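Read through the structure below, which is laid out as structure tokens, and then see the notes.
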Amino acid sequence: MKTGKSNSYVKIGLYLLGGALVGGVLGAGAYMFLDNWGQGLEGTASQLYSGLQALILPVLAVLLVLSVLAGEITCGKLKKIETQLPDAEDEESDRLEYEEEKWGALSMNLNVLSQVLCIIILAAGYSSNYLASSEAARGGFLYACIVFILCMVYDSIWQIRSVKLVQLGHPEKKADPSTRNFQKKWLESCDEAEREVIYRSSYKAYIMIGRLVPVLLVLTMLANLFFNTGMLAVVMVAVIWLAVTLTYTRSCVALKEEKALMK
Amino acid sequence: MPLFNHLKEYRSRLGINQTELGKLAGVSRQTISLIERGDYSPSVTLALKLAKICQVTVEDIFVYEEDGEE
């Protein structure tokens, strides 16, 4: 009886061969392209970077305003939903809880986006070369730091408000968002169906990370090869890959161990 | 999963809404709604709890049918 084992090896071999061919063609193409246009690309990137450095303060200020707007709109929507939930009929509750999930997810995504953009923009000026370049650069960066802190403080308040609003409609969820074990307590206050949603979504996120990280690793390696961006980005992505895999497998072993020792 | 149920019917007989049944079973209203729609198969513990609240057996509420079974 034939098994699928040999087919799997052949398939993987073909994938690797395909990958090598595509990589070879793209690599050679990129080498030829960058040989002719590389300096132009580097120049453009350098100009963009310098432009961003000069605009750190206004860009961060705009980001702060946009974050406050997004936070107030999403929290306002959540508040409206949560106040309607306790008195809603069964069918109406289904609709409201879907809306709650949707606005809660939007709120969380915008919040993280705001934090990530804040860090990226501030990081553009967070360099000793830039700070040593002029007095104006140092002064501007100091004000940028103040706006950055304001934005991060608002983002933290926004997160806590979102959680408190969800708790308004679901009083059984007692976890305190300002404590370190908030995630654990929140999970403990969820029932079995809610936990299944969390577990399935977490597994999807794990699968996505597993697919995205190798691509990022190749991209950071290519960036280092062609633009000398340094090894740090490659190492960081590799560390994330290792940390995610180790956390997942360690959790699997720990759960099996718990069951095995219960016998 | 070929698991059907008559939870909505038994809940209506008790004259309670999803929130009240959820409180009695120690789960959220949403979980009761998901079970009634057939979108979630409850654990054995929850199925037994629901049967106890409705004062019937688990088999009265939940029906398992194999593929192709009439």
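Reported to the nearest whole Å, the Cα centre-to-centre distance from region A:84-112 to region A:174-238 is 24. The relative contact order of region A:84-241 comes to 14 percent, based on Cα pairs under 8 Å that sit 6 or more residues apart. The trypsin sites (Lys or Arg not before Pro) of region A:140-184 meeting both criteria, a DSSP state outside H, G, I, E and B (loop) and at most 14 other C-beta atoms within 10 angstrom of the site's C-beta, are A:Lys174, A:Arg180.
Computed with a 1.4 Å probe on the full set of protein chains, the accessible area for A:Asp87 sits at about 130 Å².
The largest accessible area among B:Arg37, B:Arg13 belongs to the first residue in B:Arg13, B:Arg37, and the rest follow in falling order (1.4 Å probe, all chains). Here the Debye sum runs over all C-alpha atoms of region A:158-200 as equal scatterers in vacuum, and log10 of I(q)/I(0) at q = 0.24, 0.27 Å⁻¹ comes out as -0.87, -1.03.
Cross-link reach is defined here as a Cα-Cα straight distance under 24 Å, omitting same-chain residues fewer than 8 places apart; for A:Lys164 the lysines meeting it are A:Lys77, A:Lys79, A:Lys80, A:Lys102, A:Lys173, A:Lys174, A:Lys184, A:Lys185, B:Lys23. At the listed q of 0.13, 0.22, 0.29, 0.30 Å⁻¹, the Debye profile of region B:3-64, built from one uniform point per Cα, gives log10 I(q)/I(0) equal to -0.25, -0.80, -1.58, -1.72.
Largest accessible area first, the listed residues A:Leu26, B:Leu34, A:Leu113 line up as A:Leu26, A:Leu113, B:Leu34 when surface is computed with a 1.4 Å probe on the assembled protein chains. Note on A:Leu113 and B:Val56: their simple-model spin labels are 4.8 nm apart, each label 7 Å out from Cα toward Cβ. Using bins of 5 Å that start at zero, the share of Cα-Cα pairs per bin across region A:191-258 amounts to 3, 15, 17, 19, 16, 10, 8, 6, 3, 2, 0, in whole %.
Dipole orientation for the protein assembly as shown: of the candidates A:Gln47, A:Ser67, B:Ser43, A:Gln47 has the Cα lying most toward the positive pole (charges on Cβ; Lys, Arg +1; Asp, Glu -1). When the surface is traced with a 1.4 Å probe over the full set of protein chains, A:Val116 keeps roughly 70 Å² accessible. Its residue count N fixes a reference of 2.2 N^0.38 Å for chain A, and the Cα radius of gyration divided by that reference is 1.34.
Note on region A:112-237: Cα convex hull, mean projected area over all directions, 10.7 nm². Ranking B:Val27, B:His6, B:Val63 by how far each Cα lies toward the positive end of the dipole of region B:3-64 (charges on Cβ) leaves B:Val27 at the top.
The Cβ shell under 12 Å around A:Val244 holds other residues with a net charge of +2, Lys and Arg each +1, Asp and Glu each -1. Net charge of the neighbourhood of A:Ala54, taken over other residues with C-beta under 15 Å away and scored Lys/Arg +1, Asp/Glu -1, is 0. A dipole drawn for region A:191-258 from +1 and -1 charges on Cβ atoms has a positive end, and of A:Met221, A:Thr247, A:Gly210 the residue lying farthest that way is A:Met221.
About its Cα centre, how strong a charge dipole does region A:191-258 have in debye, to the nearest 20, once Lys and Arg get +1 and Asp and Glu get -1 at the Cβ? Present the calculation step by step, with values, prior to reporting the outcome.
Details: 6 positive and 6 negative charges, 70 e Å.
Taking the Cα centre of region A:191-258 as origin, the dipole is about 340 debye.
The values are calculated or read from the model by the stated rules, or taken from the named source; none is laboratory data. None of the values given here were measured: they were computed from a predicted structure. All Cβ positions, even for glycine, are placed from backbone atoms using ideal geometry, and neighbour counts span all protein chains on display. Please note that ligands, DNA and RNA were not included when accessible areas were found on the heavy atoms of the full protein model with its side chains. Shrake-Rupley method; radii C 1.70, N 1.55, O 1.52, S 1.80 Å.
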